[in-house]
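Only one structure is covered here, and it is reproduced in the block below.
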Amino acid sequence: MKKIFTGGFLMHKRSGCILLCLFWGMLIFSFLTSRIAVAEEVSGSDYADLVDLFREFRAFTEPELIDGVPDYSVKAMAKQWQGLKKFQDRLAALDPSAWPIAEQVDYHIVRAEMNGLEFYHRVLHPWSRDPCFYSTQPGMSDPWRLKGGFGLPRKLPMSKEDTEELKRKLHVVIGMFKQAKENLTEVAGDLSLLAIHFLEQESMPLQNLATYLSEHHPDLVPEVKRAQATVDDYRDWLKENKNTMTASAGIGVENYNWWLKNVHLFPYTWEECREIVDLEDNRVITFLKLEENRNRKLPPLVPVSSQEEYRESVDEALQHVMNFIRDEEIFAVQDYLRMEDYWEGRKRAFEEPWPEVHDYFDYFGHREPLPGETHESIGHEFEWQRLANDTRPIRGVRRLCFIEWIRDEGWAFALEELLMHAGYLDERPRRGREIVYQQAAFRSCRALADLRMHSQEITLTEAMRFCVECAPHGDLLDDSPHLWHEMRTTLCIPGWHMGMVMGKVQFMKLFRDRAKQLGDDFNLRQFLDEFLAAGFIPMSLIRWELTGYDDEIRDLLN
């Protein structure tokens, strides 16, 4: 049986998800459960009142646990819904119109988070509709894994702290999956298919964990086996009942537009996104074919053939991009931005044996790792490091409802091509430019699949087939772990892959607006420093704050 590669670039993306799973799980638990308190009336309309309300709202969304397990029952969710309305009324009583723009921006961030919770209750309600919520949602997909681990504990015997943490997670797994069968009353068919697919893969890691712990922690083995039995029982229950799970996984265009406008403060509709993504795909394919023609007499890129070669190429790429950013004054690199932290997590993937079969993005990373590694390190890791050093009361915390995703993914994706145009591939093999456009073309395919699934034009199976046919080297995607992962992401979180492409488009619009506004005084480093300092917030708010242009936010309020 061939070994599927889970190292390299895909492993890094997965390890990034695992490293963030506690964070995402905390947000989802916090976001979807409540500790209801009596809401007091707002006594003023100062910014300080907004900060107090925000902190109270976040405390309100802290999980209410029953025997350590979050409660998603009908009664608990109804109670949360009632409490949310009180907070929305209190926010509406504030009048931020006379505040400085930066403070008005924070007001809209808080409004968006409350709207996000509303959307979860009115439309997504994953506790009753989405079996992935209990099994494969970030934060629940690998709940038995320890902090920072890639699967099994990296060192035995475990510390007392890690032992207790593992016990707690096993307890949550058992409680959540048992609760799921009671709460899931309106299951979307394609979401059940996704859940079953990933649950098929969850039993073996638990079995391996039981074996691994047997010598040093035999007392944990019965609980691990109990968790494994609970996972298997949940999977079997989904299989037995999947024919009755017929609701649509796509949320429909009207709901999609409300989600974009009111939660993500995104100034485009589904229809406009579809048109813009199509145009972007036209551009990317055209530029790719021009590059291929220009490079037709050059030899093909030679892929690495071992973990050691791959490790060396990634290490060199990371050093290269850091030197380029500093030498070309792309943006300021603060002392707290440490590529070493990214590399420490990244290099663990190279400890895996070199596999017989590699996943999709490895095809590109094995030939030219710079674009992909830039996306992950400069585009994502540095952003989380910036956020960890942001002391602002509202912007300096991680957003609920994935409100930062278009800003986050749009910036990371934009870096791949924009730094190429800035010159960071100039001294590297010319065919590396083809890699940039090939990866971008796949992002367009995913965005189109996202839009079409949520408009209910196509099913999950049809969307996966579309991506295989649409993407460069699409045969590598066929039934691949990567494609399954991406389809799960975009069905559970509407607009995820559309937002990557459209976030790049938004960033370039802001770039143009600021450049035209400043004329000859425009400075790339200054612009990017201002952009990055604005924080992990929607692009429309960053544009308002940087340029003073309020047209997008005014339209969003209508």
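Nothing in this text is a laboratory measurement; each read-out follows from the coordinates by a stated rule. Computed from a prediction, not measured in an experiment: that's the story for all the values here. Here the Cβ positions follow ideal geometry from the backbone for every residue, glycine too, while neighbour counts run over all protein chains shown.
With K and R counted +1 and D and E -1, the other residues having a Cβ less than 15 Å from that of S97 yield a net charge of -4.
Summing charges over all other residues whose Cβ lies under 14 Å from the Cβ of T461, with Lys and Arg as +1 and Asp and Glu as -1, gives -2.
Note on the chain: dipole from Cβ charges, positive end direction compared against L193, W405, L557; the farthest Cα belongs to L193.
Ranked by the mean number of other Cβ atoms within 10 Å of their residues, highest first, the peptides 428-441, 226-239 come out as 428-441, 226-239.
With one equal scatterer per alpha carbon and no solvent term, the Debye-computed log10 I(q)/I(0) for the chain at 0.06, 0.10, 0.13 1/Å reads -0.30, -0.88, -1.55.
Only lysines eight or more places from K239 in sequence, or on another chain, were considered; those with a Cα closer than 18 Å are K178, K181.
When only Cα pairs below 8 angstrom with a gap of at least 6 residues are kept, the chain shows a relative contact order of 19 percent. The lysines within cross-link reach of K509, meaning a Cα-to-Cα straight distance under 23 Å and a gap of 8 or more places when in the same chain, are K261. Rounded to the nearest 0.05, the FRET efficiency derived from the C-beta distance between A229 and R398 at R0 = 45 Å is 0.85. Cα centroids of region 474-546 and region 225-297: 16 Å apart.
The charge dipole of region 34-130, taken about its Cα centre with unit charges on the Cβ atoms of Lys, Arg (+1), Asp and Glu (-1) only, comes to about 460 debye. Each of W258, W405 was scored by other Cβ atoms within 10 Å of its Cβ. Arranged with the fewest first, they read W258, W405. Evaluated with a Cβ-only charge set (Lys, Arg +1; Asp, Glu -1), the chain carries a dipole of roughly 800 debye about its Cα centre, given to the nearest 20. Of the residues N295, N255, T269, the one whose Cα sits farthest towards the positive end of the charge dipole of region 232-299 is N295 (charges of +1 on Lys and Arg Cβ, -1 on Asp and Glu Cβ, taken about the Cα centre).
Ordering W127, V110, T489 by the projection of their Cα atoms onto the charge dipole of the chain, which places +1 on the Cβ of Lys and Arg and -1 on the Cβ of Asp and Glu, puts W127 at the extreme positive end. Taking label points 7 Å from Cα along the Cα-to-Cβ direction, L557 and D478 give a separation of 5.4 nm. Between E328 and E161, the C-beta separation translates, for a Förster distance of 56 Å, into a calculated FRET efficiency of about 0.80.
Remark: region 254-557 is approximated by an ellipsoid whose semi-axes, taken from the C-alpha gyration tensor as √(5λ), come to 29, 25, 19 Å, largest first. Using the Cα coordinates of region 181-286, the gyration tensor eigenvalues translate into equivalent-ellipsoid semi-axes of 41, 20, 14 Å, sorted from longest to shortest. This model, with +1 at the C-beta of Lys and Arg and -1 at the C-beta of Asp and Glu, gives region 228-323 a dipole about its Cα centre of some 320 debye. Here is the tail figure for region 395-486: Cα pairs spaced more than 19 Å apart come to 54 percent of all pairs. List, in the order given, every pair from K75/K160; K169/K242; K85/K504; K79/K242 whose Cα-Cα distance in the structure shown is over 32 Å. Violating the 32 Å limit, Cα to Cα: K75/K160; K85/K504.
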